[in-house]
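Below is one structure, written out as structure tokens; the observations come after it.
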Amino acid sequence: MATPNCLRCLLVRPSVAARLPAARQMITAAAPFSTTANSRAAGGPQQGKGKKAPKPPVKGKQMNLSAFKKKRDVDKSKPPLPGERKAYRKRILLSNNNALPVPGLQDVNAESMLQTSNSGKVLSLPDAVVDQLRAVEAFKPTQCWGVFRKPSMLVRAETVELMQKMQKAADSQQALRLVVTGDRITGKSMLLLQAMTHAYLNDWVVINVPEAQELTTACTEYAPIPNNPTQYMQQNYVLKMIQAIRKANEKLFSRLTTVHQHPDLPQHVPVSSPLLQLANSAKEADGAWAVFHALWQELTTKGYGRPPILFALDGVAHIMKMSDYRSPAFEQIHSFDLALVRLFADCLGGNVQLPNGGAVLASTSRNNSPRTPSLELALLQREAEQNKTEVPKKDPFFRGYDERVDAVLKSVQVLRLDRVSKAEARAVMEYWAASGVLRATVDEATVSEKWTLGGNGVLGEMERAALLTMRL
Amino acid sequence: MPPRLNTLTAVCRNLTIRSRPLAQWPAQPCIAVAAPRTITTTPSQTRNQNKPNVKELSRTTKRWSSTTSSSEGQLETTSAENEAALSQLQMVAYGLNPFDVSVEGHKYGLPELPIPSEMHMKHRYNPVVDQITRLLMQDGKLSKAQRDMAIILNYLRTSPPPKLNPARPLLPGAPPASHLPLDPVLYLTLAIDSVAPLIRVRALKGMAGGGFSLDVPVPLAARQRRRIAFQWILDVVNKKKSKGSGRTMFPHRVAEEIVAVVEGRSGVWDKRQQLHKAGTTARANLNSPNLRRKRKSF
């Protein structure tokens with residue numbers, strides 16, 4: 001309820017208030033907001049119905065500024081709720097009912113991305129996997145899903161290579177530690193999505209960080225971990241993440257049961273209760289980190305039918321630097337001191353093992369990514385080591401390298417995602433044309449044209465040249 | 001100075017690069033040694049006249065396979081001939097006849113003549129799309145307007161088929177609504193042409209006598225009509241509120257309005273009707289004596 005007096009009126013110094021005559025004080029109290037002179041406000045001449053009001057005495061010519069002012073249209077409609085506009089911008093459409101269904105389009109299955117024969121083919125995602133991928137935010141708003149009838153993807157040579165590596169690692173109960181890099185819009189996030197698809201189809205558990213910048217640009221809440229004050233948890237983010245993991249892996253989690261005691265949880269979860277119950281116990285941000293910790297402990301227990309884990313993160317440059325968070329002493333916090341990021345970095349660096357096998361995939365991003373000299377150099381070095389060429393050296397006169405980052409990236413594998421071949425480009429374009437979206441005959445000349453326009457086979461640029469153009 | 005220009009063009013004509021005579025290549029293709037290529041080619045409609053004569057090709061192939069089979073080992077070493085054969089095979093894969101004089105020495109053959117208008121750099125877009133893009137442009141930022149146009153077309157392509165309103169008929173001969181989303185350029189053109197006014201009312205100053213202006217309807221050209229229609233649409237769009245944020249919101253609003261026009265929900269239709277009414281009223285003024293006098297004086 002609003003106070004009858006404005007607060008500023010209460011601030012009138014008592015000495016001034018005391019000096020005012022009593023009658024004057026009463027009027028001021030009655031109309032505290034009135035700016036009219038008291039004498040006129042109290043009792044002007046009464047205006048009769050037929051009589052004209054006597055004109056106020058003319059003081060001379062006065063400029064009426066309001067005559068020049070434009071009348072503003074006052075918008076009376078309800079303003080959008082907080083976050084509503086962003087949600088509209090970031091919404092993901094996965095289907096276009098106008099596009100034609102492509103005959104002979106096959107769904108991806110557990111093995112199809114392992115077979116070299118499927119390289120250069122377009123396969124579609126089964127509906128169940130689409131829901132899972134949506135839950136972990138694997139789809140990006142910038143990708144062209146909304147143009148086609150059904151979400152489908154091109155299986156590239158690199159895809160097959162990565163999936164075979166992942167499968168090999170899972171079979172030997174090891175963790176594949178790999179960074180995907182490449183030019184902009186060559187399909188790095190798409191490759192992560194394919195990895196996640198493969199993981200879901202093979203009943204893995206997927207933990208996905210869709211945008212690493214959400215963790216380090218100080219846009220989510222953080223707090224020191226109670227018994228480990230040098231590390232910080234991001235409770236809200238972790239809560240959201242647990243819910244996503246639970247939603248995507250619901251079937252699997254209801255099958256697996258806990259084997260450890262977890263005394264720190266907000267709810268008591270007895271031993272041999274389903275993991276789903278454990279995941280469900282994260283109801284509020286307060287206990288979310290403890291639940292995540294317990295969940296991680298359960299999933300990384302050796303044996304007990306635990307599935308392999310895929311831990312994926314997009315935009316890795318954001319976690320390879322000082323974060324935008326500050327400690328209580330107002331010192332910058334390194335990204336690796338954020339507990340979730342630390343966990344990922346430890347997995348990527350090999351300090352934390354995945355006893356049931358799996359993969360730790362990071363992907364660089366060319367959108368809004370900060371410069372991280374250590375990461376750039378490490379990727380070049382690892383790539384040179386893989387290719388058995390001359391390994392680039394550190395610049396001895398440059399101080400911007402980060403030792404902690406160097407340590408993490410000492411032994412990762414690097415997969416450079418390159419341009420697609422013309423055969424792959426042709427497969428994609430035939431899919432576009434079959435969907436009725438590309439209105440041209442797909443022959444060598446057209447393929448060659450789009451392939452060239454798209455920077456010699458940069459898939460995203462080809463999409464721009466063929467689908468998102470004025471020349472349809 | 002026309003004579004100088006003529007000589008210049010004459011000189012240039014002499015300088016044009018002419019295709020090398022066929023004789024420069026070894027006339028016989030060595031198909032027997034060439035690596036087999038399996039490229040499925042869908043010949044485009046425009047290149048149909050350049051399609052290789054399959055019978056003729058197969059005949060030559062047979063002839064040469066029979067003649068070269070005896071000296072196969074020798075031919076493998078003659079790389080120039082081999083390359084020639086490979087290049088000819090490549091041309092067959094592109095849907096061209098390697099023995100066509102006009103094609104020889106060109107990877108994709110010569111363009112058909114007269115060159116279609118969309119092959120000209122400055123006329124490469126559909127005329128309506130091009131005009132509308134320039135009307136969308138602000139502060140001379142054409143590429144931004146082009147991106148906006150691409151977003152508009154994409155929106156039209158992904159939006160559900162419009163529900164046509166019989167009270168607001170579109171142009172006669174319009175395709176059914178279900179066909180529109182897959183041809184967004186047609187969708188856009190149809191919307192704009194359907195609400196475009198046929199006339200404008202021109203006020204001739206002082207012609208009515210007594211200092212009053214005389215309203216006279218004037219017919220418009222197609223381009224003018226589209227311009228007016230789209231500016232009406234833009235007026236509505238600029239008053240609309242965005243649902244979201246970011247750079248895609250303006251084109252989304254435009255596209256929503258275009259859908260509204262086709263569905264007959266838009267206020268632009270009322271504007272058109274009003275203008276046409278005013279034009280019908282002003283039609284009487286065409287017989288005004290002042291106007292007649294003016295016409296006579298010309």
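The values are calculated or read from the model by the stated rules, or taken from the named source; none is laboratory data. Quick caveat: nothing in here was measured; it's all calculated off a predicted structure. A quick note on method: Cβ atoms are made from the backbone with ideal geometry, for glycine too, and the neighbour counts reach across all protein chains shown.
Counting only helices (runs of 4 or more DSSP H) that sit completely within segment A:403-472, those holding 2 or more residues that are without any contact (Cβ under 8 Å) to a residue 40 or more places away in the chain and at the interface with another protein chain (Cβ under 9 Å from one of its Cβ atoms) correspond to A:444-453. The test for being closer than 30 Å to residue A:342 by Cα, hydroxyl-bearing (Ser, Thr, Tyr) and more than 12 Å from chain B (Cβ to nearest Cβ) holds for residue A:372. The listed residues are A:292, A:253, and the only one of them that is buried (at least 22 other Cβ atoms within 10 Å of the Cβ), within 30 Å of residue A:403 (Cβ to Cβ), aromatic (Phe, Trp, Tyr) and touching a residue at least 24 places away in the same chain (Cβ under 8 Å) turns out to be A:292.
Considering B:193, B:139, B:130, B:148, the condition of being within 14 Å of another protein chain (Cβ to nearest Cβ) and surrounded by fewer than 20 Cβ atoms within 10 Å (Cβ to Cβ) is satisfied by B:130 alone. Condition (residue is within 26 Å of residue A:206 (Cα to Cα) and small (Gly, Ala, Ser)) applied to segment A:382-392: is it met by at least one residue? No - not one qualifying residue is present in segment A:382-392. Looking at segment B:176-190, can you tell me whether even one residue there is away from every other protein chain (no Cβ under 14 Å) and not aliphatic (A, V, I, L, M)? Taking every residue of segment B:176-190 in turn, none turns out to be away from every other protein chain (no Cβ under 14 Å) and not aliphatic (A, V, I, L, M). Considering each residue of segment B:291-298 in turn, none proves to be under 23 Å from residue B:163 (Cα atoms), loosely packed, with under 14 Cβ neighbours inside 10 Å and assigned by TED's automatic domain parsing to the domain that holds residue B:175.
Candidates are the residues of segment A:73-98 that are of a type in the set (A, V, I, L, M) and in a loop (DSSP other than H, G, I, E, B); the one that is nearest to the other protein chains (Cβ to nearest Cβ) is A:93. Within segment A:143-179, the residues that satisfy the criterion of being within 24 Å of residue A:468 (Cβ to Cβ) and in contact (Cβ under 8 Å) with a residue 60 or more places away in the chain are A:144, A:147, A:148, A:149, A:152, A:154, A:156, A:158.
Checked against (1) within 30 Å of residue A:145 (Cα to Cα); (2) among the aliphatic types (A, V, I, L, M); (3) modelled with pLDDT under 95, residue A:248 passes all but a single condition, namely (3). Can you find a residue in segment A:340-357 that is modelled with pLDDT of 95 or more and touching a Gly at 6+ places or on another chain (Cβ under 7 Å)? The answer is no, given that none of the residues of segment A:340-357 is modelled with pLDDT of 95 or more and touching a Gly at 6+ places or on another chain (Cβ under 7 Å). Residues satisfying the criterion are present in segment A:278-296 (criterion: within 18 Å of residue A:175 (Cα to Cα) and either small (Gly, Ala, Ser) or modelled with pLDDT of 95 or more (or both)). Residue B:109 meets all of the listed conditions (1) modelled with pLDDT of 95 or more; (2) within 11 Å of chain A (Cβ to nearest Cβ) but one, namely (1).
Residues that are under 26 Å from the mean Cα position of the chain (by Cα), among the hydrophobic types (A, V, I, L, M, F, W, C) and within 11 Å of chain A (Cβ to nearest Cβ) occur in segment B:94-103; there is at least one. Residues in segment A:99-124 that are within 14 Å of another protein chain (Cβ to nearest Cβ), crowded, with 17+ Cβ neighbours inside 10 Å and not aliphatic (A, V, I, L, M): A:120 only. The criterion of at least 1 residues that are in contact with a Gly (Cβ under 7 Å, 6 or more places away or on another chain) and modelled with pLDDT of 95 or more is met by the following helices (runs of 4 or more DSSP H) wholly inside segment B:177-276: B:222-239.
A count restricted to segment A:99-140 and to residues that are touching a Ser or Thr at 6+ places or on another chain (Cβ under 7 Å), more than 22 Å from residue A:363 (Cβ to Cβ) and in a loop (DSSP other than H, G, I, E, B) stands at 4. Exactly one of these conditions fails for residue B:157: (1) under 18 Å from the mean Cα position of the chain (by Cα); (2) charged (D, E, K, R); (3) farther than 20 Å from residue B:184 by Cα. Give me its number. Of (1) under 18 Å from the mean Cα position of the chain (by Cα); (2) charged (D, E, K, R); (3) farther than 20 Å from residue B:184 by Cα, only one is false for residue B:157: (3). Scanning segment A:141-168 for residues that are buried (at least 18 other Cβ atoms within 10 Å of the Cβ) and in a loop (DSSP other than H, G, I, E, B) yields A:143, A:148, A:149, A:150, A:151, A:156.
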